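Here is the structure we will look at.
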Amino acid sequence: MQNDVHFINFLPDALSIKIFTSLEDPSDLVRFSAVSRSCRRFVITNGLCKHLCLRMFPQLSRVDHVNELGVTLNGHAEAGSSNFMEWEALEREHRVYASLARGFLSFAIRECISEAIIASSTDNHPDESIDNTLDPGDRVRGRASYWSSSGQSNPAVPETLTYKLNADLCVITEINIKPFQAYFQYHYPIYSAKSVRFRMGHIKSSMENHVDEFVWTYTSQEFPMAQENCLQNFKLPEPILCIGGILQIELLGRVQRQEIDGLFYICVCHVQVVGVPLSPFGIQIIEPSEKFVLEVLSYTQPPSPEETRSVSTLQMRVRRGNVVDVVEDGDGWDLFYGELVEDEDENEEEEDVDIE
């Protein structure tokens, strides 16, 4: 590829775009954009990283624009010119969506619940609080640990448990729920629900009279629940991007009546939400449109819960001008963020970057 000549110069733009939008691994796009200035310009101008993220998670269609918070990048173009401003916006989108795609595929899968927010009802607060569902055991310090709804004579009355996740953006793959078995009652009854359903969304940025304080952007199918005292797995048909970091469990239908009062209850001793928290990213909701601003807080990958990765494993490979462009972290990612900067001598012939 002498003098920055490659196949994209000989193909119609529509065909080149079709080829690159067929890629499934974002690292391929990032590698290609690191080959030369024209390759990078092609990827950025056509928003290929954004297109890939939208294909992976259609919920991102609600993004109004992107911001980089606390991120300083060096520039060299004429600040204030319309061409510069337009190109800067395209580059910013490329960096944000490339980093987001990286997070989808390479961040560690882990427990995603940060805290319990509220239950629709509680029988004996705080002894039977929703907070008890965060503990994996059904006994804590010798006492039963579980959440209990209030009793109802109608077994069709539903209940909800609402949780805050540990990032504004989380890719959720499955939810695990363990119904409580009352080992201190006759016949050891299990107070499960008949079925469960899951909602994901965000808190309203402005509320009137605190009514409908949550906006749900995703509602799952209904899953049947077994009347068994075990951690029951509810795997979503496909990974779902939770925008806003709020997850609600709907417990539909009551199975078990309590002998002492003849009322139906639902009791849960543990809830686990499994997925990928995208903690380097945040959102700002734009009302009343319900669109949102996608914000990148850091371009640093969070350490996995099993082992903290040493920064020394990141090896800077390419520096052109005053911006570091290419890093290698062993996961097939060569470009993290930055830009291929023009050489100081404008007449100097471009030298392509060797990424092998």
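Each reported figure results from applying straightforward, stated rules to the coordinates on display, with no laboratory input. Owing to the predicted nature of the structure, the values given are computational and were not obtained by experimental measurement. FYI the Cβ positions are ideal-geometry reconstructions off the backbone, even for glycines, and counts take in every protein chain you see.
At-a-glance table
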item: Least to most buried among M200, M225 (fewest other Cβ within 10 Å first); result: M225, M200
item: Ranked list, fewest to most other Cβ atoms within 10 Å of each Cβ, for L278, L169; result: L278, L169
item: Summed side-chain charge close to R197 - residues other than R197 whose Cβ falls under 10 Å, Lys, Arg +1, Asp, Glu -1; result: -1
item: Alpha-carbon centroids, region 247-264 and region 79-148: separation in whole Å; result: 28
item: Scaled radius of gyration (Cα, divided by 2.2 N^0.38 Å) that region 110-277 gives; result: 1.01
